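One structure is given below, encoded as structure tokens.
The values are calculated or read from the model by the stated rules, or taken from the named source; none is laboratory data. What you are looking at is a predicted structure, and each value in this text was computed from that prediction instead of being measured. Ideal geometry is used to build each Cβ from the backbone, glycine not excepted, and the neighbour counts take in all protein chains shown.
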Amino acid sequence: MSDTGDYEWIDVGTFGDPDRRIRGRCLHRTRHIVPVYALVTGEHVANLCVLCDEQLEPEWRGHERS
């Protein structure tokens with residue numbers, strides 16, 4: 001497996017198509033994360049990945065592309 005781009009890519013090559021890959025899980029890059037705040041208190045309650053719509057805990061720290 002390799003992690004090019006914003007998703008994990010999984011090699012599933014076959015005899016007829018050795019370079020075939022499928023998209024795996026989202027890597028939640030920092031640039032795609034939006035903080036979510038409580039409307040009444042303004043408390044940071046979660047983070048949202050705008051690529052895959054997964055809700056992440058408020059303590060989550062993003063991954064920078066290396």
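Summary table
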quantity: Residue match in segment 7-25 (condition: at negative phi, modelled with pLDDT of 90 or more, surrounded by 11 or more Cβ atoms within 10 Å (Cβ to Cβ) and in contact with a Leu (Cβ under 6 Å, 6 or more places away or on another chain)); calculated: no
quantity: Close pairs from segment 7-26: first farther than 26 Å from residue 54 by Cα, partner basic (Lys, Arg) and surrounded by 11 or more Cβ atoms within 10 Å (Cβ to Cβ), Cβ under 8 Å, at least 6 apart; calculated: 13/20; 13/21; 14/20
quantity: All positions within segment 38-66 that are touching a helix residue (DSSP H, G or I) at 6+ places or on another chain (Cβ under 9 Å) and either modelled with pLDDT under 85 or not in a strand (DSSP E or B) (or both); calculated: 50, 51, 52, 61, 62, 63, 64, 65
quantity: Residues of segment 26-53 classified as among the acidic types (Asp, Glu) and surrounded by 14 or more Cβ atoms within 10 Å (Cβ to Cβ), total; calculated: 0
